[in-house]
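Q: Okay, here's the structure, questions in a sec.
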Amino acid sequence: MILTYKAIARNLFVLAASLFPIYVFGQVHENQRGLKDYYKDYFPIGVAVTAKQLSDSVQKNFILNHFNSLTAENAMKMGPIHPEENLFFWKDADEIVAFAQEHNLKVRGHTLCWHNQTPKWMFYDKLGNLVSKEVLLQRLKDHIYAVVGRYRNKVYAWDVVNEAVSDEHDQLLRNSLWYQICGEDFIYKAFQYAHEADPKAILFYNDYNTENPDKRQRIYKLLKKMRDNGVPVQAIGLQAHWSLDDPSQERLESTIKLFASLDLKIQITELDVSIYTNGNQQDKTVSAPVSILTAEREQQQAEQYSMIFKVFRNYKKYISGVTFWNLSDRYSWLDNFPVRGRKNYPLLFDTQLKPKKAYWNVVNF
Ligand code: GLA
């Protein structure tokens, strides 16, 4: 075989690279250090995604650089995945799971039982009447067995019940159709079915406003009852749709301690920090869309992110994952909520996927 000078030079380079990979590639690796690398000694860092995002090469590489866990933003919810009683739409969820398997990422399943994004057929019979408790629980069981069964050994954790606790002071559980038809049993049954369908999956109760002392007390009460009665709930998801001034450090720490006292694992499941101060509540005072990331707001947001990640690091023995709800400020569900058409900038990366001040506060510790 005759080698040209060029080929010899190329072969020498490849040989050198294989002998001295750290030296040759060290710089490149350093430049590509992503969130998940900074947090490798703490917890996995996840992001909520759509199947479409994963087929876009820029976003796909960006995700792989920063995250090592995925949640389907919508694809595994009851409405999208089980639109009719005898029809499942698996494609999007399958793609997300296949992508995760290919790239060795974790997948959190979200969510099996919720009052929103549930298809109407679940609650009604052919005549349009509400079904009995027996029928509804059977449908819930069939749904959970099908979805959890399909992704057994691929999805390591499930948000089994989402947002079942009421926001009202004098009411423990939300007055949803689940509750109206089944009473509180739908919660216990959902966990039982999920555990039967995949005994190894880590099962979560997931909710928002978990740092609000009033609501977290109700959530605590529900979870304590479940733990005392042997219902297989092993973890709590703090959704963490937060804002510039909420939660305070004190509230966040006391929340983590409270749930840890039930011997539950804790994950931050849907993190974003709204640049407005209204958190997850309807802000009725704002009518016209205002959408400015002022320097002051960006600074406050960076400080809030800095505080919350410091707390996560300090409490790492209880925290087994942190997941962001959406990838960058290019798109967030908060662009339309609670004020329709008002842009928000709640994430660590800007609309061009460039790290914001908040990002550097999160990774420089
Ligand atoms: C809740 C749900 C999420 C998502 C957000 C808004 O937090 O758990 O799945 O729908 O609302 O996007």
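The values are calculated or read from the model by the stated rules, or taken from the named source; none is laboratory data. A quick note: this is a predicted structure, and the numbers were derived from the prediction, not measured. Glycine gets a Cβ as well: all are built from the backbone with ideal geometry, and neighbour counts include every protein chain shown. Heavy atoms of the whole protein, side chains included, go into the accessibility calculation; ligands, DNA and RNA do not. Shrake-Rupley method; radii C 1.70, N 1.55, O 1.52, S 1.80 Å.
Q: Looking at region 154-166, I want the residues that are closer than 23 Å to Pro213 by Cβ and open to solvent by 10 Å² or more (accessible area, probe 1.4 Å) and have a partner that is within 12 Å of the ligand (Cβ to nearest atom) and at pLDDT 95 or above with Cβ atoms under 6 Å, at least 6 apart or on another chain. Which pairs are those?
A: Filtered contacts from region 154-166: Glu163/Asp207.
Q: With the condition kept exactly as written, say whether any residue in region 140-150 is among the hydroxyl-bearing types (Ser, Thr, Tyr) and within 13 Å of Trp178 (Cβ to Cβ).
A: no
Q: Here is a follow-up. In the set Gln352, Gln301, which member is crowded, with 17+ Cβ neighbours inside 10 Å and either modelled with pLDDT under 95 or of a type outside the set (A, V, I, L, M, F, W, C) (or both)?
A: Among Gln352, Gln301, only Gln301 is crowded, with 17+ Cβ neighbours inside 10 Å and either modelled with pLDDT under 95 or of a type outside the set (A, V, I, L, M, F, W, C) (or both).
Q: Still on this structure, I have one more. Under 6 Å between Cβ atoms, at least 6 apart or on separate chains: pull out the pairs that start in region 67-81 with a residue that is under 28 Å from Tyr38 (Cβ atoms) and open to solvent by less than 10 Å² (accessible area, probe 1.4 Å) and end on any residue that is at pLDDT 95 or above and charged (D, E, K, R).
A: Between residues of region 67-81 that are under 28 Å from Tyr38 (Cβ atoms) and open to solvent by less than 10 Å² (accessible area, probe 1.4 Å) and residues that are at pLDDT 95 or above and charged (D, E, K, R), the close pairs are Phe67/Lys36; Ser69/Lys106; Thr71/Arg108.
Q: Right, next: If only one of Asp167, Asp159 is of a type in the set (Asp, Glu), within 16 Å of the ligand (Cβ to nearest atom) and within 23 Å of Leu70 (Cα to Cα), which one is it?
A: Asp159
Q: If we keep just the residues of region 29-70 that are of a type in the set (S, T, N, Q) and farther than 20 Å from Phe309 by Cα, which is nearest to the ligand (Cβ to nearest atom)?
A: Thr50
Q: Against the definition (closer than 29 Å to Ile268 by Cβ and surrounded by fewer than 17 Cβ atoms within 10 Å (Cβ to Cβ)), how does Lys120 come out, yes or no?
A: no
Q: Report, by residue number, each residue of region 82-117 that is free of Cβ contacts under 8 Å to residues at least 60 places away in the same chain, of a type in the set (Gly, Ala, Ser) and either crowded, with 16+ Cβ neighbours inside 10 Å or touching a Phe, Trp or Tyr at 6+ places or on another chain (Cβ under 6 Å) (or both).
A: Ala93, Ala100
Q: Something else: Run down Lys257, Lys215 and say which single residue is surrounded by fewer than 22 Cβ atoms within 10 Å (Cβ to Cβ) and within 16 Å of the ligand (Cβ to nearest atom).
A: Matching residue, one of Lys257, Lys215: Lys215.
Q: Would you mind telling me which numbered condition in (1) within 16 Å of the ligand (Cβ to nearest atom); (2) open to solvent by less than 20 Å² (accessible area, probe 1.4 Å); (3) out of contact with any Ser or Thr (no Cβ under 7 Å at 6 or more places or on another chain) Tyr208 fails?
A: Just one mismatch for Tyr208, condition (2).
Q: On to the next question. Kindly indicate whether any position in region 59-82 is in contact with a strand residue (DSSP E or B) (Cβ under 8 Å, 6 or more places away or on another chain) and more than 30 Å from Tyr315 (Cβ to Cβ).
A: yes
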